[in-house]
Amino acid sequence: MRSGEMWRLLSRFNSFRRTHVILQHLRMSKHTDAAEVLLERKGCAGVITLNRPKLLNTLTVGMIRQIYTQLKKWEQDPETFLIIIKGAGGKAFCAGGDIRAISEIGNKNQKILQDFFREEYMLNNYIASYRKPYVALIHGITMGGGVGVSVHGQFRVATEKSLFAMPETAIGLFPDVGGGYFLPRLQGKLGYFLGLTGFRLKGRDVYTAGIATHFVDSEKLDTLEEDLSALKAPSSENVADVLETYHTKSKIDRDKSFILEEHMDKINSCFSANTVEQIIENLRQDGSSFALEQLKVINKMSPTSLKITLRQLMEGSSKTLQEVLTMEYRLSQSCMHQLYPQLNKVSSS
């Protein structure tokens, strides 16, 4: 074989190999994107699995879009009777929005940053009005955006490993995803306390506080999912009956008092003020070890976030969820404008 022909063959081979590598890379990229959320039918149930366990199943705009689109399809599907949403890996249901990804987006593409909040809140509102039973298995860490895709659903199942918190005042934001709606509707001033301090509720306390509707031992979750999926054309009542059966049988921490029970009078008294300054003064005047500990916590928070959050909760206490989400979207964009001044150019264009 002449050298010229050999070089042509080698060139074709290298070109083929490069094409193969590129196609393989694209297939892997597509698979990776799709794998962030697993969407499957199991029996009568549409099952959503948040599948970023190494990143605590944090949400991206792509995940939000996939979930919203699939929920639309399942709502119209006569063979899908209920939705189950859960997190992969056992450590977290969903720890919120992917802050790192959001930050990178904010530096490069302000339009997508606006879309993230708008589409996330649209998903939250859609879940609240979903016409089929929606069951969130909030096993593990459940914060921020993870609360948004669970708390507005009809059923929320906590386990002994659940950990709930809205820690936004510590990072210069506010407890969004409808926090202005559900937090002020918890018992007494508990929601105000949780929203302002970012206090963490664990295990059965997540149920006792009213965040979850049921409590199930974590080792029973797989069986629960199987039983729910095996139901024949179930109604909301049928789903509730299954959940109640598991809830009743659960014995973990059944006789344990709510972690904040002995402090509820102080919480109701100190956090009933209309200004952050008065809340701080109330805690100082109370002087108990619990009050002084909360004072230390609040003093570490963003002062601006504290003021925004208190006003958000006060306003949200008398608004509908849709009105609250509209308010929170405007607040989110105001906060983003402070972080990314370039957004002003996008807004005015």
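The values are calculated or read from the model by the stated rules, or taken from the named source; none is laboratory data. Just so we're clear, the structure is a prediction, and the values are computed from it rather than from any experiment. Note: ideal-geometry Cβ built from the backbone for every residue, glycine included; neighbour counts use all protein chains shown. The protein model used for the area step is the full one, side chains on, heavy atoms only, and it has no ligands, DNA or RNA in it. Shrake-Rupley method; radii C 1.70, N 1.55, O 1.52, S 1.80 Å.
Assorted remarks:
- Considering residues of region 305-326 that are open to solvent by 90 Å² or more (accessible area, probe 1.4 Å) and not charged (D, E, K, R) only, the residue nearest to Arg284 (Cα to Cα): Ser318
- Restricted to helices (runs of 4 or more DSSP H) entirely inside region 215-274, those with at least 1 residues that are touching a strand residue (DSSP E or B) at 6+ places or on another chain (Cβ under 7 Å) and closer than 16 Å to Lys86 by Cα are 221-229, 236-249.
- Those residues of region 101-115 which are at pLDDT 70 or above and either within 16 Å of the chain's Cα centre (by Cα) or open to solvent by 30 Å² or more (accessible area, probe 1.4 Å) (or both), in sequence order: Lys111, Ile112
- Of all residues in region 154-201 being of a type in the set (S, T, N, Q) and open to solvent by less than 20 Å² (accessible area, probe 1.4 Å), the one that is nearest to Met336 (Cα to Cα): Thr169
- Met143 falls short of the stated requirement of being touching a Phe, Trp or Tyr at 6+ places or on another chain (Cβ under 8 Å), at negative phi, among the aliphatic types (A, V, I, L, M) and open to solvent by 30 Å² or more (accessible area, probe 1.4 Å).
- Residues in region 312-349 that are at pLDDT below 95 and small (Gly, Ala, Ser): Ser332, Ser334, Ser347, Ser348, Ser349.
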